[in-house]
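**Q** Right, I'll just put the structure down here and ask away after.
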Amino acid sequence: MIDIKLIEHLETYLTENRLQRFKKVLKERTKFFTVATEDVYQLHNTSAVIRSCDVFGIQEVNIVEETNTKRIDREIAMGAQKWVDLNRYQSVKACIKDLKSKGYQIVATTPHTDDCELYDFDVTKKSCFFFGRETEGLSDEVLKEADVFLKIPMVGFTESLNISVSAAITLQHVTTKLKKIDIDWQLTENEKLEKRLDWCKKTIKSYAKIIERYYENRQ
């Protein structure tokens, strides 16, 4: 059970601008869509994807580290890792199993014989967008388990985009389209409370001491 009074108490330590910013951002946050990166080699690509997720309101990012273990590049993510929840997996199989148990369809972002162009994508279905390694792309495991194959239309000589660019283009399109239809895409009230508490913890420097005093005064 989340202590709402505790959250309200903690929020008194925030500036008015920061508090209003939290409220504004929370209204746009969603778990209806999520993103997964599979063994991305270049550190800045993973970090840039996290940054794009924050920018477009995606609350959770799933990072598969079957081969490459990543630390988040703070400079490129520009603090986005504080506001976005990171779920880490040691195998793509475990990642897909978890996502499907949560009701997500698996969307493989790769050209395929049965692919769907980005502008035709059905945004009414809860989806996880998988982005693969820089050179190899997505693994056979993801392609085998995918429910949808998605591609970004391209008309130039170059046949592929950097993973972070692909993620940004995809997320900008699907989130914009999602918010124009009548569907419940926002965080639940309980999820919003969890984020308010989490963001306070990550923002207030004397968080631990404030918590200690709060519970001492309630005894």
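The values are calculated or read from the model by the stated rules, or taken from the named source; none is laboratory data. Because the structure is a prediction, the values reported are computed rather than measured. Cβ placement follows ideal geometry from the backbone for every residue including glycine, while neighbour counts extend to all protein chains displayed. Areas reflect the complete protein model, heavy atoms only, side chains present, ligands, DNA and RNA absent. Shrake-Rupley method; radii C 1.70, N 1.55, O 1.52, S 1.80 Å.
**Q** Ignoring ligands, DNA and RNA, please state the percent of accessible area on the chain from carbon and sulfur, probe 1.4 Å.
**A** 49 percent
**Q** Using only the heavy atoms of the protein chains and a 1.4 Å probe, how would Lys125, Lys82 rank by accessible area, largest first?
**A** Sorted descending by solvent-accessible area, the residues read Lys125, Lys82.
**Q** When the solvent-accessible surface of protein heavy atoms is calculated with a 1.4 angstrom probe, in what order do Arg88, Arg18 fall, highest first?
**A** Putting Arg88, Arg18 in descending order of accessible area: Arg88, Arg18.
**Q** With contacts defined as alpha carbon pairs under 8 Å and 6 or more residues apart, what's the relative contact order of the chain in percent?
**A** Relative CO of the chain lands at 25 percent.
**Q** Could you work out which residue, out of Leu14, Leu26, Leu193, moves most in a Gaussian network model of the chain, that is, has the largest mean-square fluctuation with Cα springs under 10 Å?
**A** Sorting by GNM fluctuation, first place goes to Leu14.
**Q** For the modelled label position 7 Å from the Cα of Asp182 along Cα-to-Cβ, which residues of the range 9-40 have backbone nitrogen atoms closer than 16 Å?
**A** Residues passing the 16 Å test: none.
**Q** Let me check against my output: what whole-number percent is the relative contact order of the range 123-219, with C-alpha pairs under 8 Å and at least 6 apart?
**A** Dividing the mean separation by the residue count of the range 123-219 yields 25 percent.
**Q** Answer rounded, prolate or oblate for the range 134-219, using the Cα gyration tensor with square roots of eigenvalues a ≥ b ≥ c: rounded when a/c is under 1.5, else prolate when a/b is larger than b/c, else oblate.
**A** Prolate, since a/c reaches 1.5 and a/b exceeds b/c.
**Q** Would you calculate the separation in nanometres between label points at Asn162 and Thr67, each defined as 7 Å from the Cα along the Cα-to-beta-carbon direction?
**A** 2.1 nm
**Q** What are the residues whose amide H is under 5 Å from the amide H of Asn62, where those residues sit 5 or more places off or on another chain and H is modelled from the backbone?
**A** Those lying under 5 Å, H to H, from Asn62 are Val35, Ala36, Thr37, Asn87.
**Q** In what order, largest first, do Lys23, Lys192 sit by accessible area if the probe radius is 1.4 Å?
**A** The ordering from most to least exposed comes out as Lys23, Lys192.
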